[in-house]
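Below is one structure, written out as structure tokens, with a few remarks after it.
The values are calculated or read from the model by the stated rules, or taken from the named source; none is laboratory data. A quick note: this is a predicted structure, and the numbers were derived from the prediction, not measured. For neighbour counting, all protein chains shown are included, and Cβ atoms are generated from backbone atoms with ideal geometry for every residue, glycine included.
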Amino acid sequence: MSTVPDPSIGDELPRLVIEAVDAEKMKTMAALLGDSNPIHWDVATVRELGMGDQPVNQGPNNLGYVMNMLGGWAGGAERIQEIRVRFLDNVFAGDCLEAGGTVTAIGDDGAVECDVWLARDGTHPVLAGTATVSLV
Amino acid sequence: MTSMTLTPTTDELESLVGRQFPGGTYAVEPWRVWLTNDVIGAPQRTDGVAHPMFCYYAAMAGLGISIDEMFTLCYASADDGPMFGECDIQQLRPLEIGATYTVRGEITSAVRKQGTRTGTFDIVAFQLEVIAPDGEVSSIVSNSFIFPRRPQ
């Protein structure tokens, strides 16, 4: 596994870029979850709901990208103790996303608190929250 | 064509609080882990540790009703365009690939909101525990869904 970081408060976590969200992978996830919400694969429904003209990514996928960013930094996603997020906006097929975060506190027990986020084109926030990661 | 479900009264909405889910089990099957890692771009691990998103997947799949049934319970359907609200995942112990977990949980809050742009919507929150074969709680997942409602 990768090395464990030695962070300081204010450190920015290494960013993770998803070049283009794949509509086909939304279909796979819909099948895996048994999620019948048509916004994940049926463009006609997305248009009818006034949500644009591209399938909408599943919220958990967006959270998964942030976990990948945290796990890549911390030396493994099993080090994530807690993550709490709000879904601020939809992510659509073809979107370029960037996941990042900032260290906000470091406990004596090795638990590191972070603000985390996911943004479209690096600027438009689509998910934001906090995470606790154990580095011991 | 799609049509929105009738909006519940506030009494009907509030009566959801405390409703326990049937619960059930969830097996972290290797093929499911592989496909999920592929979808979200996570590394394919060989040490038997599942991605922490499986805390969420196990909780949702093991609560004993489908997502559609969850929507119906909340007086909504997928056609109404329900969305995620907040999600909190505590990974107390990583889930293990190949293990089967027990899930239990209940609805913890149900409130009506009025947005200037979005109109009336309800937020229904619930908490689920994912329990390992040895009886220890591996994960606690707290989620909420946002249900757009038609004007009354």
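For the stretch A:104-136: of the residues being charged (D, E, K, R) and in a loop (DSSP other than H, G, I, E, B), which is nearest to A:Ala77 (Cα to Cα)? Quick ask: steps written out before the conclusion?
Just the residues of the stretch A:104-136 that are charged (D, E, K, R), to begin with: A:108-109, A:113, A:115, A:120-121.
So of that shortlist, the ones also in a loop (DSSP other than H, G, I, E, B) come out as A:108-109, A:121.
Working: A:Asp108: 21, A:Asp109: 18, A:Asp121: 24 Å.
So, considering only residues that are charged (D, E, K, R) and in a loop (DSSP other than H, G, I, E, B), the one nearest to A:Ala77 (Cα to Cα) is A:Asp109.
Which of the residues that make up the stretch B:30-67 are within 11 Å of the chain's Cα centre (by Cα) and facing another protein chain (nearest Cβ under 9 Å)?
B:Tyr56, B:Tyr57, B:Met60, B:Ala61, B:Ser66, B:Ile67
Quickly run through the stretch B:22-55 and pick out the residues that are surrounded by 14 or more Cβ atoms within 10 Å (Cβ to Cβ) and at pLDDT below 95.
B:Arg45
I'd like the full set of residues that are more than 24 Å from B:Trp31 (Cα to Cα), at the interface with chain B (Cβ under 7 Å from one of its Cβ atoms) and part of a loop (DSSP other than H, G, I, E, B), limited to the stretch A:31-45.
none
Looking only at the stretch A:46-61, count every residue that is at the interface with another protein chain (Cβ under 9 Å from one of its Cβ atoms), in contact (Cβ under 8 Å) with a residue 12 or more places away in the chain and either part of a helix (DSSP H, G or I) or within 13 Å of the chain's Cα centre (by Cα) (or both) and tell me the total.
4
Quick test for you: out of B:Glu96, B:Glu106, B:Glu86, pick the one residue that is surrounded by fewer than 20 Cβ atoms within 10 Å (Cβ to Cβ), touching a Phe, Trp or Tyr at 6+ places or on another chain (Cβ under 7 Å) and touching a residue at least 12 places away in the same chain (Cβ under 8 Å).
Details: B:Glu96 fails: touching a Phe, Trp or Tyr at 6+ places or on another chain (Cβ under 7 Å); B:Glu86 fails: touching a Phe, Trp or Tyr at 6+ places or on another chain (Cβ under 7 Å).
After ruling out the rest, the residue left standing is B:Glu106.
Based on what the data block shows, is A:Met26 within 12 Å of chain B (Cβ to nearest Cβ), crowded, with 21+ Cβ neighbours inside 10 Å and touching a Pro at 6+ places or on another chain (Cβ under 6 Å)?
Yes, satisfied.
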